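**Student:** Before I ask anything, here is the structure I am working with.
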Amino acid sequence: MRYPFPRRAGIALCTTAAVLLAGCNSGGSGGGLSGDAADLGVEPVNLEWTDYGREASHPGTAALDEQFVTMSDGERIAVNVTLPADAQGEPVAGPVPTILTLTGYNKNIPAIPASNEFLIRRGYAHVSVDVRGTGNSTGNWEAFSEREQQDYLEIMEWVAAQPWCDGNVGTWGASFMGITQLFTAAHQHPAHKAVFAIVPMGDAYRDIVFTGGQTNVGFIPLWMGLVTALGAIPPQALATDPALGTEILLDHVLNALTNFTVPTIANAVIGGGRNYDSEFWRTRSPLEVTDRIDIPTFIVGGLNDIFQRGEPLLYEALRDRVDSKLLIGPWQHLGGSSGEGLPADGVPDLDHLALRWFDRYLRGMDTGAETAPPVTQYYYGAERYVTAADWPHPEARATRLYLQPDGGLDSAAPTIDEGSRLVLQQPVNGLCSASTSQWTAGILGLTMLPCFEDNRLTETLELTYTTAPMTEDFAINGPIQADIWLSTTALDAGVVVRVTDVAPDGGSRELTNGILTASLRAVDEDESRYLDGEMIQPWHPYTAESRQTMTPGEVVHLPIEVFPTSAVIREGHRLRVTVGASDFPHGLPPLTDLVDQLAGVMTVYSDAERPSSVVFPTVPLSALGSE
């Protein structure tokens, strides 16, 4: 499975149906029911959040001793169980609905919670599990491998059979713990009733590891290093079973060095084969299993999350199969993991959203979960949350703006015979930019450097194309495509396109970006997304077979996928598109490609024959409702 549905077939039908559902008022949080849907014989969609909550039913919690569950291949998986309890710490007597969290971040590390006390005190048991080869579990860690995914099913079977579980299990957690939920749901175990996945990945290759065919050296070493380091913390088993504890510790360290972590990073950097999309990455991509998920699923994402691309695609793949909701906040990965800033604009915090979801689907309570707004997104510029009937936005229309040879950006195609600008190819621009903060999961952003908020430093080594000041607000919602015509003096080129909001004082706020290695520009048109007949989200195969040679001086067309966003360019502000050669550390070409790109000069064309442009999905201001 590539995208949720074939793009050429069905896009007009889906858009028409969505507009009927949304009517003319698919607006802001608190917007009530959508438009005139009832008059058209279509069930109206609620676009207003309501409060839901209940007081804690249990004043205490009771943690059971750590247990080990033996898998079918003999490996032992470490499990913690916490039960609701009375004020004296006595656990609840009868079976209760249960929340399951599978983590690779060591369940015993409080800084990365794998258990939710808010839910436990409201009558849920919570089971926290170290996946194989991590934390206190034995075995080799090979992130989201087929064997690891089989463990998810075996753990679910064990949980459902325990005397404290009433047979109703939901899954909860962020990041790694969000990804494991989707693979667990694909097993269709009858006890698994609901998913609440916070900042999960959709497509391992395209979302994060090799965006645009380039190695994400910002996040991948950081992430693999984190899992390895947390797995190297002396296991608790050392205190109770020194032989087992020593075995676990040595297995984790040796596996990282010789089997998965170090070899995988090295393979990516040198271009050893895994730099192409393949079954290895498909196995680790939740979008590949959404057609097997048949339980209600809540997806939480972030506008600048590391999984910014995949989160709305997961919702889109599930919306017609199961009750699904999508919430996208103004977050990078750390902020999104906790739902930073919520409640806001009528949108509840993540704990209350999860409680509403699990009370409905594990307990059968009337919480209004199924009638909550289908999609809730934060809009940069407007600086508030807005609800909608669907994603992509039902009222989105394709708006193409052309890169002008004088650095302008407007709707008129260039008419001159020759128009071009030059940019030097070098691999480390963007080192201090909003992108750097994003692709280090928000960690470097904690340093609060000015360049993480204002891209003008990065733009000194890029070509800029900027509109005149907006005479009225300009709203964008969805994926963006840049169609760039260029040539290079080198044997290949890496191209980054950024979209920024330029304030009246000149500050340039990066909204989103996209990367593409020029030789990987081939597009599968049948799998690409179209809007109003315009390709707006290209599908690149990223295989060795699809690679197209770059000849120095040859002019080629690059359809570049720019990740989705939602933003309002305010009246008086300007919209800017920049074109550059690198976005480090978000993307660094594998060594084999880097050699071909060094010391070249790119020419970006803007003329009648080669009109570089960007297609934006724009929505009417009425879609945002009233402020």
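Listed here are the residues, each with its yes/no results for (1) crowded, with 24+ Cβ neighbours inside 10 Å; (2) among the basic types (Lys, Arg); (3) more than 23 Å from residue 162 (Cα to Cα).
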| site | (1), (2), (3) |
| --- | --- |
| 85 | no, no, no |
| 93 | no, no, no |
| 99 | yes, no, no |
| 114 | yes, no, no |
| 122 | no, yes, no |
| 132 | yes, yes, no |
| 140 | no, no, yes |
| 149 | no, no, no |
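**Student:** Within the bounds of the range 50-64, is there any residue that is touching a residue at least 60 places away in the same chain (Cβ under 8 Å), surrounded by 16 or more Cβ atoms within 10 Å (Cβ to Cβ) and of a type in the set (A, V, I, L, M, F, W, C)?
**Tutor:** Within the range 50-64, none of the residues are touching a residue at least 60 places away in the same chain (Cβ under 8 Å), surrounded by 16 or more Cβ atoms within 10 Å (Cβ to Cβ) and of a type in the set (A, V, I, L, M, F, W, C).
**Student:** Restricted to the range 574-597, and to residues that are open to solvent by 40 Å² or more (accessible area, probe 1.4 Å) and touching a Pro at 6+ places or on another chain (Cβ under 7 Å), which residue is nearest to residue 306 (Cα to Cα)? Step through it out loud before you land on a result.
**Tutor:** Of all residues in the range 574-597, those open to solvent by 40 Å² or more (accessible area, probe 1.4 Å) come to 574, 584, 591-592, 595-596.
Retained after the next criterion (residues that are touching a Pro at 6+ places or on another chain (Cβ under 7 Å)): 574, 584.
Details: 574: 26, 584: 14 Å.
Looking at the filtered set, the residue picked out is 584.
**Student:** For the range 176-277, which helices (runs of 4 or more DSSP H) that fit wholly inside it have 3 or more residues that are within 19 Å of residue 106 (Cβ to Cβ) and of a type outside the set (S, T, N, Q)?
**Tutor:** Values: elements: 176-185, 220-231, 237-240, 242-258, 261-270.
The qualifying helices (runs of 4 or more DSSP H) are 176-185, 220-231, 237-240, 242-258.
**Student:** So, one more: Between 399, 415, 464, which is out of contact with any Ser or Thr (no Cβ under 7 Å at 6 or more places or on another chain) and not aromatic (Phe, Trp, Tyr)?
**Tutor:** 415
**Student:** Yes or no: residue 394 farther than 23 Å from residue 340 by Cα, open to solvent by less than 10 Å² (accessible area, probe 1.4 Å) and not in a helix (DSSP H, G or I)?
**Tutor:** Details: farther than 23 Å from residue 340 by Cα: yes; open to solvent by less than 10 Å² (accessible area, probe 1.4 Å): yes; not in a helix (DSSP H, G or I): yes.
Here the answer is yes, as residue 394 does meet what is asked.
**Student:** A further question follows. For the range 457-506, enumerate the residues that are open to solvent by 10 Å² or more (accessible area, probe 1.4 Å) and β-branched (Val, Ile, Thr).
**Tutor:** 460, 464, 466, 467, 471, 489
The rows are residues; the columns are (1) buried (at least 19 other Cβ atoms within 10 Å of the Cβ); (2) in a loop (DSSP other than H, G, I, E, B).
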| residue | (1), (2) |
| --- | --- |
| 416 | no, yes |
| 429 | yes, yes |
| 435 | yes, no |
| 438 | yes, no |
| 442 | yes, yes |
| 446 | no, no |
| 454 | yes, yes |
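**Student:** Same structure again: Can you find, within the range 33-49, the residue that is modelled with the highest pLDDT among those that are buried (at least 18 other Cβ atoms within 10 Å of the Cβ) and among the small types (Gly, Ala, Ser)?
**Tutor:** 34
**Student:** Here's something else I'd like to know. Let me confirm something: among 351, 345, which residue is touching a Lys or Arg at 6+ places or on another chain (Cβ under 7 Å) and open to solvent by 10 Å² or more (accessible area, probe 1.4 Å)?
**Tutor:** 345
The values are calculated or read from the model by the stated rules, or taken from the named source; none is laboratory data. Model, not experiment: these values are computed from the prediction. Quick reminder, even Gly has a Cβ in these numbers, built from the backbone with ideal geometry, and neighbours come from all protein chains shown. The accessibility values were calculated without ligands, DNA or RNA, using every heavy atom of the protein model including side chains. Shrake-Rupley method; radii C 1.70, N 1.55, O 1.52, S 1.80 Å.
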